[in-house]
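Visitor: Here you go, one structure.
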Amino acid sequence: MPFEQRANFTRADFVVAPANAEAVAFVDAWPDWPVAAVALYGPSGSGKSHLAAAWRAGAEVVPAAALSGNTLARLDIARPIIIEDVDSSSVNPTRDTAIFSLLERATREAPVLLTGREAPAAWPTVLPDLASRFSALLTFPLWAPDDDLLAALARKLFADRQLTVADGVIQQMMRRLERSPAAIRNFVAEADAKALAEKRPVNAALIQELIA
């Protein structure tokens, strides 16, 4: 019977490449951060939540869409706080007031880490003061699709599913797939499902059939 596949979100499982090395180095420097708030940004599947999870020991984690006055009252502001998917949630005064309040209260001992798809300067908000805070954040991108990072991501996703796939097969994938984390993640899931259903290894023939 098929089992649920769970990604490993430990620091050791995070794929480090030139495109994200600066962000990783900064996160690894905790608690010696020079600022009280920082943002990680990149497309879906680029590792924002993974890197935040690797950092967030003891942190409060809340999706931006869930922020309100009631949520704010329940958060322990003495602990680090992660606000996820800031630019993927609906903009409204309640949410934005809560984010602004958390940024105002943040300290270097209890910082705020925000994630989003675009750079924070482009994050929408109804509050001009919050727009200024977004623009002033220390930011780190987590994606630039070079071949090494694409291949390393594919290896990790296969490893999460307890699959060992030859480098030549992974390179075959890279030549044909859209160059995005989401496309690689979806293709790995399809390859795993096909291999499981047909009781076959993930090899060049199987990859070719899927791509065709």
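The values are calculated or read from the model by the stated rules, or taken from the named source; none is laboratory data. Worth saying up front: this structure is predicted, and the values here are computed from it rather than measured. When we count neighbours, we look across all protein chains shown, and the Cβ atoms used for this are built from the backbone with ideal geometry, even at glycine. Side chains are part of the model used for accessible areas, which takes the heavy atoms of the whole protein and leaves out ligands, DNA and RNA. Shrake-Rupley method; radii C 1.70, N 1.55, O 1.52, S 1.80 Å.
Visitor: Which residue, of 188, 202, is at pLDDT 90 or above and closer than 18 Å to residue 44 by Cα? Walk me through it before giving the result.
Guide: On the way: 202 fails: closer than 18 Å to residue 44 by Cα.
Unique residue meeting the criteria: 188.
Visitor: Name every residue in the stretch 194-210 that is in a helix (DSSP H, G or I) and either exposed (fewer than 12 other Cβ atoms within 10 Å of the Cβ) or of a type in the set (Val, Ile, Thr) (or both), in order of residue number.
Guide: Listed by number, the residues that qualify are 197, 198, 205, 207.
Visitor: Looking at 100, 140, 134, which one is aromatic (Phe, Trp, Tyr), in contact (Cβ under 8 Å) with a residue 12 or more places away in the chain, open to solvent by less than 70 Å² (accessible area, probe 1.4 Å) and touching a Lys or Arg at 6+ places or on another chain (Cβ under 9 Å)?
Guide: 100
Visitor: Let me ask another. When you look at residue 137, is it over 16 Å from residue 44 (Cα atoms) and touching a strand residue (DSSP E or B) at 6+ places or on another chain (Cβ under 8 Å), yes or no?
Guide: Spelling it out, residue 137 is indeed over 16 Å from residue 44 (Cα atoms) and touching a strand residue (DSSP E or B) at 6+ places or on another chain (Cβ under 8 Å).
Visitor: So which residues in the stretch 105-131 are surrounded by fewer than 14 Cβ atoms within 10 Å (Cβ to Cβ), farther than 21 Å from residue 25 by Cα and more than 22 Å from the chain's Cα centre (by Cα)?
Guide: 126, 128, 129 - these are the residues of the stretch 105-131 that are surrounded by fewer than 14 Cβ atoms within 10 Å (Cβ to Cβ), farther than 21 Å from residue 25 by Cα and more than 22 Å from the chain's Cα centre (by Cα).
Visitor: Any idea how many residues of the stretch 7-39 are modelled with pLDDT of 80 or more, surrounded by 14 or more Cβ atoms within 10 Å (Cβ to Cβ) and touching an Asp or Glu at 6+ places or on another chain (Cβ under 9 Å)?
Guide: Residues flagged as modelled with pLDDT of 80 or more, surrounded by 14 or more Cβ atoms within 10 Å (Cβ to Cβ) and touching an Asp or Glu at 6+ places or on another chain (Cβ under 9 Å) within the stretch 7-39 amount to 1.
Visitor: Moving on to the next point. Go through the stretch 69-91 and count every residue that is exposed (fewer than 14 other Cβ atoms within 10 Å of the Cβ) and either modelled with pLDDT under 85 or not charged (D, E, K, R) (or both).
Guide: 5
Visitor: Ok, one more. Go through (1) modelled with pLDDT of 85 or more; (2) open to solvent by less than 30 Å² (accessible area, probe 1.4 Å); (3) not polar (S, T, N, Q) and name the single condition residue 53 misses.
Guide: All conditions pass for residue 53, except number (1).
Visitor: Looking at 162, 171, can you tell me which residue is outside any helix (DSSP H, G or I) and polar (S, T, N, Q)?
Guide: After ruling out the rest, the residue left standing is 162.
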